[in-house]
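Asker: Encoded as C-alpha cells, here's the structure I'll be asking about.
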Amino acid sequence: MKKIIFIILVFCCFNIGQAALCEDILEATYAQNAAEYTNYKNCIRLYKLPYEKLYYLALSSIPANKFEVVEMQSRNGYIIFQTDNREFLLSIFKKDKNYTFIRLTPCDNNYYFSPSIVTKIFNYIDVHFNEEVKQLKM
C-alpha cells in the first residue's frame, strides 16, 4: 500500500513539474510569435541635422512616447530606454557636420518586437525636425 501511494505521489509531482515547464515554454514561444519581427534596416535613419540637435530630439522622444529612460550619455551618443519589459539602445552617430545617423536596437539583440516602437521614435523626430532646441532655465 505504501509503495502504491509513493508511486502515485511521484507521478503527481512529475506531472505538476512537467506542466509548469511546458507552460513556461509555451508562454515564451507565444510571446515571441505574438511580436512581429522588426527588420534591422528599418531601425537606422539618416537625418540632415547636427549631432547635438538629433541627440536632444531623440532624448525628448522617449518620455513623449511614454518610454522610460534607463541610462544616457551625450558624449558617446547613446540612450538606453525601457518599454514592454525590454531595453533598447538608441545610438546617434555623426557622419559629418550636417548629417547624423540614428539607430535603434534591442539590448538583447532579439528583433521580435513591435515595429511601432521604432516608428514612434522616428515620427517624433520628423514632427519636431524644424523646431529649435532650447535650454530650459530653472
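Asker: Let me check against my output: what whole-number percent is the relative contact order of segment 40-127, with C-alpha pairs under 8 Å and at least 6 apart?
Answerer: Once divided by the residue count of segment 40-127, the mean separation gives 33 percent.
Asker: I need the calculated FRET efficiency for the pair Q82 and Q135, taking r as the beta carbon distance and R₀ as 30 Å, to the nearest 0.05. Intermediate results must be reported in sequence, preceding the final value.
Answerer: Values: r = 26 Å, r/R0 = 0.87.
According to the calculation, E is roughly 0.70.
Asker: Further, regarding this structure: Of the cross-linked pairs K48/K95; K41/K120; K41/K134, which ones have a Cα-Cα span greater than 20 Å in the structure shown?
Answerer: Values: K48/K95 10 Å; K41/K120 16 Å; K41/K134 31 Å.
Cα-Cα > 20 Å for K41/K134; rest within.
Asker: Between Y40 and L89, what is the label-to-label distance in nm when each label sits 7 Å out along the Cα-to-Cβ direction?
Answerer: Output for this residue pair reads 1.2 nm.
Bear in mind that the values in this text are calculations on the coordinates, not laboratory data. Keep in mind the model is a prediction, meaning the values are calculated, not measured. Using ideal geometry, Cβ is built from the backbone for each residue, glycine included, and neighbour counts are taken over all protein chains shown.
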